[in-house]
């Protein structure tokens, strides 16, 4: 993940190329570092971002443009937060279907390359290929989602920053029995499978895969793979 200085240099380069995003980045950096007149810097950053949305993002993502919020404001309940003109957080809570239909286009765009938190609600996914390019995402949450057609978790192996994967009240494919791609995520701290009819075989696969990678046996194994709520965490393993 880039630091502020790296974004500042990137913004300066964009400005030299005549790209409007450069001004957005510069305004946000100023809003973060300004001390004495910080409120003025924040007001300017919000206005610059608003103009950028109206002139650049709005025409391309008209159904969700009004939900694009500057990071200095609370994103709830609109659902999106942008920093340096780039999507950082997305939660589709209360979004209509036409709005959700435009989300995948946004996530495939360069403006979503640095998104860190994703909560995808009420979606239906045929596969997870769209996740393979989201290398900055730290938290991924599926809620009330239909992912019964998904056959592989392999795209998640490319998410090097992923720390938490949570699946809640979602239809999961019985055919996804290989959870080892999750072990390719070096930052993954926990996998939550709450109130979700995940087959025992999948949890057994994850347990065995972790054991194959040198992990110690799972604590309270019977509790881990039985019951209505199932939860797996790196806290249950000795990784070092």
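Note on segment 137-157: residues that are touching a helix residue (DSSP H, G or I) at 6+ places or on another chain (Cβ under 9 Å), part of a loop (DSSP other than H, G, I, E, B) and over 19 Å from residue 93 (Cβ atoms) amount to 2. Of everything in segment 173-201 that is assigned to a strand (DSSP E or B) and modelled with pLDDT of 75 or more, the residue that is nearest to residue 143 (Cα to Cα) is 192.
The set of residues from segment 85-94 being over 11 Å from residue 119 (Cβ atoms) and within 17 Å of the chain's Cα centre (by Cα) comprises 85, 86, 87, 88. Filtering segment 100-125 to residues that are in contact with a helix residue (DSSP H, G or I) (Cβ under 9 Å, 6 or more places away or on another chain) and part of a strand (DSSP E or B) leaves 118, 120, 121.
Residue by residue through segment 1-32, note down the ones that are in contact (Cβ under 8 Å) with a residue 40 or more places away in the chain and within 18 Å of residue 114 (Cα to Cα). Passing the criteria: 1, 2, 7, 11, 21, 24, 25, 28, 29. Filtered by the rule that a residue be buried (at least 20 other Cβ atoms within 10 Å of the Cβ) and part of a helix (DSSP H, G or I), segment 126-136 gives a lone residue, 131.
The values are calculated or read from the model by the stated rules, or taken from the named source; none is laboratory data. In this text, all values refer to a predicted model and were calculated from it rather than measured experimentally. In this analysis, Cβ positions are derived from the backbone assuming ideal geometry, glycine residues included, and neighbour counts consider all displayed protein chains.
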